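*Asks:* The structure's right below; bear with me while I get my questions together.
The values are calculated or read from the model by the stated rules, or taken from the named source; none is laboratory data. This structure is a prediction, so every number in the text was calculated from the model and none was measured. Note that we place each Cβ from the backbone using ideal geometry, even for glycine, and neighbour counts take in every protein chain shown.
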């Protein structure tokens, strides 16, 4: 995936100002940033959900905005802050996604069963997705993104609201996926997860890319959290305020 | 926020919060401002017209007319406050009670605060101005004392209007939230809507006979119910029955307290959230995922999946189901009532067909940002539009057949079934042709609540305008067919079906083609438009 000078403006606020980023094939890329840094906006523009005011996005060599069909065919997305078709049950939702991607029914059935089983969502569960817990919703969203075996996965906050056991399982799935030649880019603000998983990281703040490169190059000999706090320019220690607490 | 900081003036805080929400909703959004101004204009027209009507008996100095009009008109107004939010406008739930669940507010403070905030709005202002006409009448007939009493009456009456509308919508919404009573509530709603028609016919029939004595009796009775009491106190003073005033005010205040208590009881349940549990792992289904989605009947293709998902949504989502039910009730009731009163059922085919299609006018708004899934899967615009129309037609076409059969039988012309159906299909096709491009260009977000009545500020106006516009356009476009049918006479009985279907299909193909191409170019814009809170 490569982004070239993406810009997005909401009303008068500049949400993302000129982000250029190259995600090498086969990398496990972590996109870090404080709340409101523009992570979701950037990823939405990269996958063709939000039209950028300027700049280009290429997925596996195809221009997302010029040749969307070819670019999207090899892409799996887990958007954040976007609803699923939540009046379907988990199994129905997976079947829906599989058929939308033009897969044949037998393959969809087999993969859907496996995914529901591995993610512990229950193969024959008749609960509608709208009644799922937040963590289950993340998991079914991830299953939908994985179903058609894409070459590139774009995941927005995949570990948010997921319990530790499921998180470990998702980490395992993603690591195997990357080992098998896939590429993952995901956003997060949990340093530990990023440090444990990623080969590359990028730090975004106020719509500008502050740092990017391999994990080791970015953090040097310090912890990733220290680097992050310094780059973002925030303070962690509180002074005399909140003395009443 | 100063909510907890000012416990004494907390009602005022709620009002300020509501005003701030309205102002923030308008800031930087020219479309919203335009809608707000339209709402302002319509409210103004309503207020002035209402004032004029209520003031007429006073100007004429007609005691009899005043004694009839004031209690009955007032009662109609209160009933309007009950029915209209349910059926047409929805309620402005910008102050969602659930948001206050965590604040340390006592129930009484919360209710008075929410009630005070509910009083802020164009409808209350318009109602107050309109009912002020009764004060003018009371002043003309009974002098200052009567006017002052009437003034107190309309203020209490306004409180009653707001309380009754909040209590009823809240009770319905609570009913709709829990799975078990949801269907019951939807049916109740449909029946309420259906009752409006006969009521109207009864009133019209009464007016035609001009049975004023009967009306007088009804008005006297209504004057002693909470519905009409607030609007007749001034007349009692004028007629020398001052003893009735405290009694009537007592009746109204008792009703008001009762309604507020009912409201607070349902609010309590709403704040605790929907009762979700009860059927977790028990229900299982062993069919394959694809088999479950397609129910074994649709092709295992992209189109089949899209149609299957839409069909599920029409059945499972409250808003869509409510619109299907409303259409069924209106679609059957209207033509039948016209046929029975001896009118020609031809033009109403236009109306029914158009009404069916209007359900798709904001089709992308129904599921909101979930549309992102279809975008990332790269569904072409035309496939998207065709699948949505096909799923809707699966429900609508059988209904149109029933309407055609029923209308032809009721009007005593069974030979006209085919032509009648042709006319309906033509109107439905034209309606789709008009509505589908609108749904792409003018999509708007619906709030993410389970209450089918909730609209965001200004949403009621948008919904009404969009519906009206699509209806008018449909009637205009399909008028030529009606004219041809009228002049051909009996030949039309044979030609009506094929020509109607061809006309409808042609209109649909043109409209869906335009809509699909526009959608291909506007997908991100449509997604942004239907995502709430942007």
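*Asks:* What are the residues in the stretch A:24-52 that are over 13 Å from the mean Cα position of the chain (by Cα) and under 23 Å from residue A:69 (Cβ atoms), if any?
*Replies:* Within the stretch A:24-52, A:25, A:48, A:49, A:50, A:51, A:52 qualify.
The rows are residues; the columns are (1) away from chain A (no Cβ under 14 Å); (2) at pLDDT below 90.
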| residue | (1), (2) |
| --- | --- |
| B:493 | yes, yes |
| B:503 | yes, no |
| B:506 | yes, no |
| B:511 | yes, no |
| B:516 | yes, no |
| B:519 | no, no |
| B:529 | no, yes |
| B:532 | no, yes |
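*Asks:* While we're here: Of the residues A:227, A:218, A:231, which single one is closer than 21 Å to residue A:15 by Cβ and without any contact (Cβ under 8 Å) to a residue 60 or more places away in the chain?
*Replies:* Working: A:227 fails: closer than 21 Å to residue A:15 by Cβ; A:218 fails: closer than 21 Å to residue A:15 by Cβ.
When all the criteria are applied, what remains is A:231.
*Asks:* Quick check on residue B:34: is it at pLDDT below 85 and either farther than 17 Å from residue B:119 by Cα or within 14 Å of chain A (Cβ to nearest Cβ) (or both)? Break it down stepwise before answering.
*Replies:* Numbers: at pLDDT below 85: yes; either farther than 17 Å from residue B:119 by Cα or within 14 Å of chain A (Cβ to nearest Cβ) (or both): yes.
Yes, satisfied.
*Asks:* Within 12 Å of another protein chain (Cβ to nearest Cβ) and at positive phi: is that true of residue A:141 in this structure? Write out each step before concluding.
*Replies:* Values: within 12 Å of another protein chain (Cβ to nearest Cβ): yes; at positive phi: no.
No; evaluated as a whole, the condition is false for this residue.
*Asks:* Next up: What helices (runs of 4 or more DSSP H) lie completely within the stretch B:360-411 and have 1 or more residues being within 22 Å of residue B:348 (Cα to Cα), more than 9 Å from chain A (Cβ to nearest Cβ) and in contact with a helix residue (DSSP H, G or I) (Cβ under 8 Å, 6 or more places away or on another chain)? Write out each step before concluding.
*Replies:* Values: elements: B:363-367, B:372-376, B:381-410.
The helices (runs of 4 or more DSSP H) meeting that bar are B:381-410.
*Asks:* Is it the case that the stretch A:100-121 has a residue that's touching a strand residue (DSSP E or B) at 6+ places or on another chain (Cβ under 7 Å), crowded, with 21+ Cβ neighbours inside 10 Å, in a helix (DSSP H, G or I) and more than 8 Å from every other protein chain (Cβ to nearest Cβ)?
*Replies:* Here is the first cut: in the stretch A:100-121, the ones touching a strand residue (DSSP E or B) at 6+ places or on another chain (Cβ under 7 Å) are none.
Checked the stretch A:100-121: no residue is touching a strand residue (DSSP E or B) at 6+ places or on another chain (Cβ under 7 Å), crowded, with 21+ Cβ neighbours inside 10 Å, in a helix (DSSP H, G or I) and more than 8 Å from every other protein chain (Cβ to nearest Cβ).
*Asks:* Turning to a different aspect of this structure: How many residues are facing chain B (nearest Cβ under 7 Å), assigned to a helix (DSSP H, G or I) and in contact with a helix residue (DSSP H, G or I) (Cβ under 9 Å, 6 or more places away or on another chain) when one looks only at the stretch A:65-96?
*Replies:* Matching residues across the stretch A:65-96 total 7.
*Asks:* Does residue A:50 satisfy the criteria of being part of a strand (DSSP E or B) and in contact with a strand residue (DSSP E or B) (Cβ under 9 Å, 6 or more places away or on another chain)?
*Replies:* Numbers: part of a strand (DSSP E or B): no; in contact with a strand residue (DSSP E or B) (Cβ under 9 Å, 6 or more places away or on another chain): yes.
It is false that residue A:50 is part of a strand (DSSP E or B) and in contact with a strand residue (DSSP E or B) (Cβ under 9 Å, 6 or more places away or on another chain).
*Asks:* What are the pairs, 6+ residues apart or on separate chains, where a residue within the stretch B:41-65 that is free of Cβ contacts under 8 Å to residues at least 40 places away in the same chain has its Cβ under 7 Å from a residue that is part of a helix (DSSP H, G or I) and crowded, with 16+ Cβ neighbours inside 10 Å?
*Replies:* Short answer, once both residue conditions are applied: B:65/B:57.
*Asks:* Which condition number in (1) at pLDDT 85 or above; (2) within 12 Å of chain B (Cβ to nearest Cβ) is the one that residue A:42 fails?
*Replies:* The failed condition is (2).
*Asks:* Sticking with this structure for a sec: Assess whether residue A:153 counts as being in contact with a helix residue (DSSP H, G or I) (Cβ under 7 Å, 6 or more places away or on another chain) and under 18 Å from residue A:30 (Cα atoms).
*Replies:* Numbers: in contact with a helix residue (DSSP H, G or I) (Cβ under 7 Å, 6 or more places away or on another chain): yes; under 18 Å from residue A:30 (Cα atoms): yes.
So residue A:153 fits the description; yes.
*Asks:* For residue A:192, work out the one condition from (1) in contact (Cβ under 8 Å) with a residue 24 or more places away in the chain; (2) over 30 Å from residue A:13 (Cβ atoms); (3) out of contact with any strand residue (DSSP E or B) (no Cβ under 8 Å at 6 or more places or on another chain) it doesn't fulfil.
*Replies:* (1)
*Asks:* Oh, and also: Of the residues B:38, B:68, which single one is surrounded by 13 or more Cβ atoms within 10 Å (Cβ to Cβ) and under 26 Å from the mean Cα position of the chain (by Cα)? Show your work before the answer.
*Replies:* Details: B:68 fails: under 26 Å from the mean Cα position of the chain (by Cα).
After applying the criteria, what remains is B:38.
*Asks:* Would the stretch A:54-64 turn up any residue that is facing chain B (nearest Cβ under 9 Å) and in contact with a strand residue (DSSP E or B) (Cβ under 8 Å, 6 or more places away or on another chain)? Full working, then the answer.
*Replies:* Our first condition is that a residue be facing chain B (nearest Cβ under 9 Å); within the stretch A:54-64, this holds for none.
Looking for residues that are facing chain B (nearest Cβ under 9 Å) and in contact with a strand residue (DSSP E or B) (Cβ under 8 Å, 6 or more places away or on another chain), one finds none in the stretch A:54-64, hence no.
*Asks:* Here is a further query. Right, residue B:294: at the interface with chain A (Cβ under 10 Å from one of its Cβ atoms), more than 26 Å from residue B:441 (Cα to Cα), modelled with pLDDT of 75 or more and crowded, with 20+ Cβ neighbours inside 10 Å or not? Before you say what the answer is, go through the steps one by one.
*Replies:* On the way: at the interface with chain A (Cβ under 10 Å from one of its Cβ atoms): yes; more than 26 Å from residue B:441 (Cα to Cα): yes; modelled with pLDDT of 75 or more: yes; crowded, with 20+ Cβ neighbours inside 10 Å: yes.
Against the criterion (at the interface with chain A (Cβ under 10 Å from one of its Cβ atoms), more than 26 Å from residue B:441 (Cα to Cα), modelled with pLDDT of 75 or more and crowded, with 20+ Cβ neighbours inside 10 Å), residue B:294 qualifies.
*Asks:* Now for a separate question. Check the stretch B:299-318 and report whether any residue there is outside any helix (DSSP H, G or I), out of contact with any helix residue (DSSP H, G or I) (no Cβ under 8 Å at 6 or more places or on another chain) and at pLDDT 80 or above.
*Replies:* Within the stretch B:299-318, the first condition is being outside any helix (DSSP H, G or I), and the residues that meet it are B:299-301, B:317.
Those still in the list that are out of contact with any helix residue (DSSP H, G or I) (no Cβ under 8 Å at 6 or more places or on another chain) too: B:299.
Filter once more, keeping what is at pLDDT 80 or above: B:299.
Within the stretch B:299-318, one or more residues are outside any helix (DSSP H, G or I), out of contact with any helix residue (DSSP H, G or I) (no Cβ under 8 Å at 6 or more places or on another chain) and at pLDDT 80 or above.
*Asks:* Filter the stretch A:126-138 down to the residues that are at the interface with chain B (Cβ under 7 Å from one of its Cβ atoms) and over 25 Å from residue B:387 (Cβ atoms) and list them by number.
*Replies:* A:127, A:131, listed by residue number.
*Asks:* Separate question: Can you tell me which residue among B:450, B:467 is more than 25 Å from residue B:38 (Cβ to Cβ), within 25 Å of the chain's Cα centre (by Cα) and either modelled with pLDDT under 75 or within 14 Å of chain A (Cβ to nearest Cβ) (or both)?
*Replies:* Values: B:467 fails: more than 25 Å from residue B:38 (Cβ to Cβ).
Going through B:450, B:467 in turn, just one is more than 25 Å from residue B:38 (Cβ to Cβ), within 25 Å of the chain's Cα centre (by Cα) and either modelled with pLDDT under 75 or within 14 Å of chain A (Cβ to nearest Cβ) (or both): B:450.
*Asks:* Checking residue B:403 against (1) within 28 Å of the chain's Cα centre (by Cα); (2) under 23 Å from residue B:331 (Cα atoms); (3) at pLDDT 80 or above; (4) surrounded by fewer than 24 Cβ atoms within 10 Å (Cβ to Cβ), only one condition comes out false. Which one?
*Replies:* Among (1) within 28 Å of the chain's Cα centre (by Cα); (2) under 23 Å from residue B:331 (Cα atoms); (3) at pLDDT 80 or above; (4) surrounded by fewer than 24 Cβ atoms within 10 Å (Cβ to Cβ), residue B:403 violates only (4).
*Asks:* I've got another one for you. Being within 22 Å of residue B:368 (Cα to Cα), without any contact (Cβ under 8 Å) to a residue 12 or more places away in the chain and facing another protein chain (nearest Cβ under 9 Å) is the requirement here; does residue B:304 meet it?
*Replies:* So residue B:304 fits the description; yes.
*Asks:* Continuing with the same structure: Consider residue A:148 carefully, then state whether it is closer than 23 Å to residue A:1 by Cα, within 9 Å of another protein chain (Cβ to nearest Cβ) and in a helix (DSSP H, G or I). Before you say what the answer is, go through the steps one by one.
*Replies:* Details: closer than 23 Å to residue A:1 by Cα: yes; within 9 Å of another protein chain (Cβ to nearest Cβ): yes; in a helix (DSSP H, G or I): no.
Considered against the rule, which asks whether it is closer than 23 Å to residue A:1 by Cα, within 9 Å of another protein chain (Cβ to nearest Cβ) and in a helix (DSSP H, G or I), residue A:148 comes out as no.
*Asks:* Which of the residues spanning the stretch A:27-49 are surrounded by fewer than 22 Cβ atoms within 10 Å (Cβ to Cβ) and touching a helix residue (DSSP H, G or I) at 6+ places or on another chain (Cβ under 7 Å)?
*Replies:* Listed by number, the list holds a single entry, A:34.
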